[in-house]
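Report on one structure; see the data block that follows.
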Amino acid sequence: MTDWLDDILDQDPGATPAENFTAKVLDAALAEEHAHSPWPRRFGLATAAALLLSVGFWLGHGVQPLHQEPVLSSGANHAALDLEEIYQNRDVLEVLDVLSDEELEQAFLDAENGTWVLDYALEVPR
Amino acid sequence: MNKSDAAGAGPYAEDLGVGWMLQVQAGQIQAFVALVDHYQLAACSMLRRLLGRHGPWEDLAQEAFLRVWRSRENYRPQGKFTTYLYRICYHLALNQLRGNKRKPLCSLPKDAEGCELEVEAKVDANPSTLPAELKEWGDLIQAALAKLPQNQRAAVVFQHYDGLELQEIAEILSISPQAAKSLVHRARENLRILLSPFREAEND
């Protein structure tokens, strides 16, 4: 005598996988293989690096290096150095206080023409 | 299966899945296609019965075959291929159920063999708890299976639908054959309680 429970359980239809089930599994498996393969990855990295270098070179071409020192005439070079000393010399700075900010601004911006500030400072008796 | 594959299969040389798996190990992709074609229905059906009709049974079945693929280099035939595959499927289903915070109707204490104790008194095998609107046997069976603790559910699914022996069920569930026998017995008793009123109604 058969068990009625078995007859009832047999009426469960089970599952029906999608038609492309195998294809999806295979695609995923092969994609994992490709992702873990060393050569395509290195090739991709090398290509990306070369591209970045090329773009960087093209973007930077014709632009002056940021760290390049401005080219000054010999006179202006000396003036620049002397200006450093002025900043550190308090007596001279006190003299400079009588000058207007506008004049000072122009003097310090134009290194080549700004030596008159030093001349003026040195001529004032202490 | 050629001679070298048969040699690698050992006592499972006659197992179709073992043979294909050894060919996959040897790099034959078409053997993997044959494997998936042959076992997808069983894997999907088993996962559907464990997770329910609306669960992600197809996604997990695909993941199970992907894990088979990933493990091909380390594969060693230690049993039937179905035992190997179903063990993967069962653990994926367990993770899914735990992730959904689904628990058996009761958390039962277990003996040393992992067998639930006093299950008859605690499983809510009350037919009235099955949704009244279910008319089709397929839906009723799914609802009744869902009432069982997950290990009872798995045991009866493996035993009835997949025709596995108690030893195989025990290997998949990582329990003793005696514990597997007990689980199958209790699962069937609970299903009788849940489904008998509907059988009687059908006979009326």
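The values are calculated or read from the model by the stated rules, or taken from the named source; none is laboratory data. This one's a predicted model, so the numbers in the text were calculated from it and none came from an experiment. We place every Cβ from the backbone using ideal geometry, glycine too, and count neighbours over all the protein chains shown. The accessibility values were calculated without ligands, DNA or RNA, using every heavy atom of the protein model including side chains. Shrake-Rupley method; radii C 1.70, N 1.55, O 1.52, S 1.80 Å.
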(Q) With the crude spin-label approximation of a point 7 Å out along Cα→Cβ, what separation in nm comes out for B:Asp139 versus B:Gln28? (A) 4.6 nm
Q. Given labels modelled 7 Å from the Cα in the Cβ direction, how far is it in nm from A:Ala31 to B:Ser196?
A. 5.1 nm
Q.
If I model a spin label at B:His185 and B:Tyr75 as a point 7 Å from the Cα along the Cα→Cβ vector, what separation in nanometres do I get?
A. 3.7 nm
(Q) Can you compute the FRET efficiency between B:Arg53 and B:His91 using 1/(1 + (r/R0)^6), with r the Cβ-Cβ distance and R0 = 25 Å? Round to the nearest 0.05. (A) 0.75
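Tally up the carbon and sulfur contribution to the accessible surface of the range B:144-204 as a whole percent, 1.4 Å probe, everything protein left in place.
Details: 1120 of 2470 Å².
After summing per-atom areas, the C and S share lands at 45 percent.
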Q) Other chains' Cβ within 10 Å of B:36-43 residues: what's the mean? A) 4
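Between B:Arg98 and A:Asp7, what FRET efficiency comes out of the Förster formula 1/(1 + (r/R0)^6) with R0 = 25 Å and r the beta carbon distance, rounded to 0.05?
Numbers: r = 33 Å, r/R0 = 1.33.
FRET efficiency, A:Asp7 to B:Arg98: 0.15.
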Q) Total Å² of accessible surface buried at the A-B contact, 1.4 Å probe, nearest 100? A) 2800 Å²
